[in-house]
Amino acid sequence: MQPKSLFKDDFFFQPVSIRKGGSPNISPVWSQFSLLPKPFGSRTAYPQEEGDVSQAFLEAVAEEKPHVKPYFSKTIRDLEVVEGSAARFDCKIEGYPDPEVVWFKDDQSIRESRHFQIDYDEDGNCSLIISDVCGDDDAKYTCKAVNSLGEATCTAELIVETMEEGEGEGEEEEEEE
């Protein structure tokens, strides 16, 4: 089983290798997880007090994660919803460094609002939630993921079923008379 990197708040949890050296001999204290502030890199420990120490270092180096251009391990799918309900597009994005995500409605970028909510978690799960869907929301939606190595997109269509006001009601009233 491979060790897994985790993000929480502004810290990056990842397996590390420790290299030590110098005089006097120092011994690292091991724990199950390492905690390095983002961005991580080398950290050097220096003695707290002057004394017989002539030179000592303890360097924690995070294991480098391979760089991967973005791709979708789960793509968004076409949806058909009734006017007034909510619509939700879900996808899963892979890649490192973590991709930036932009959503589009008919090739126009979507700004987050009460009507359009965008969720993107540290595991790459990404969602566009459209609340109180109306006929204007009937469109093509695209999720675009971009990092320094490239980009990926996936597209789906939202079909909104609208109920024409008064449709069918007038006919019933006429039949009753």
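The values are calculated or read from the model by the stated rules, or taken from the named source; none is laboratory data. Just so you know, these numbers come straight off a predicted model, no measurement behind them. Cβ sites come from the backbone with ideal geometry, for glycine too, and all protein chains shown count toward neighbours.
Counting only residues that are more than 15 Å from F72 (Cα to Cα) and of a type outside the set (G, A, S), the stretch 96-127 holds 14 of them.
Filter the stretch 111-137 down to the residues that are in a loop (DSSP other than H, G, I, E, B) and either buried (at least 18 other Cβ atoms within 10 Å of the Cβ) or on the phi > 0 side of the Ramachandran plot (or both) and list them by number. Within the stretch 111-137, G124, D132, V133 meet the criteria. The number of residues in the stretch 138-153 being surrounded by fewer than 17 Cβ atoms within 10 Å (Cβ to Cβ) and among the aliphatic types (A, V, I, L, M) comes to 3.
Where strands (runs of 3 or more DSSP E) fall entirely within the stretch 67-108, none has at least 3 residues that are in contact with a helix residue (DSSP H, G or I) (Cβ under 8 Å, 6 or more places away or on another chain) and at positive phi. Of the candidates S127, S109, S113, S131, the single residue that is of a type outside the set (D, E, K, R), modelled with pLDDT of 95 or more, within 30 Å of T162 (Cβ to Cβ) and touching a His at 6+ places or on another chain (Cβ under 9 Å) is S131.
Pairing each residue of the stretch 78-100 that is more than 19 Å from F116 (Cα to Cα) with any residue that is among the charged types (D, E, K, R) and in a loop (DSSP other than H, G, I, E, B), provided the two are 6+ apart or on different chains, yields C-beta distances under 6 Å for Y96/K65.
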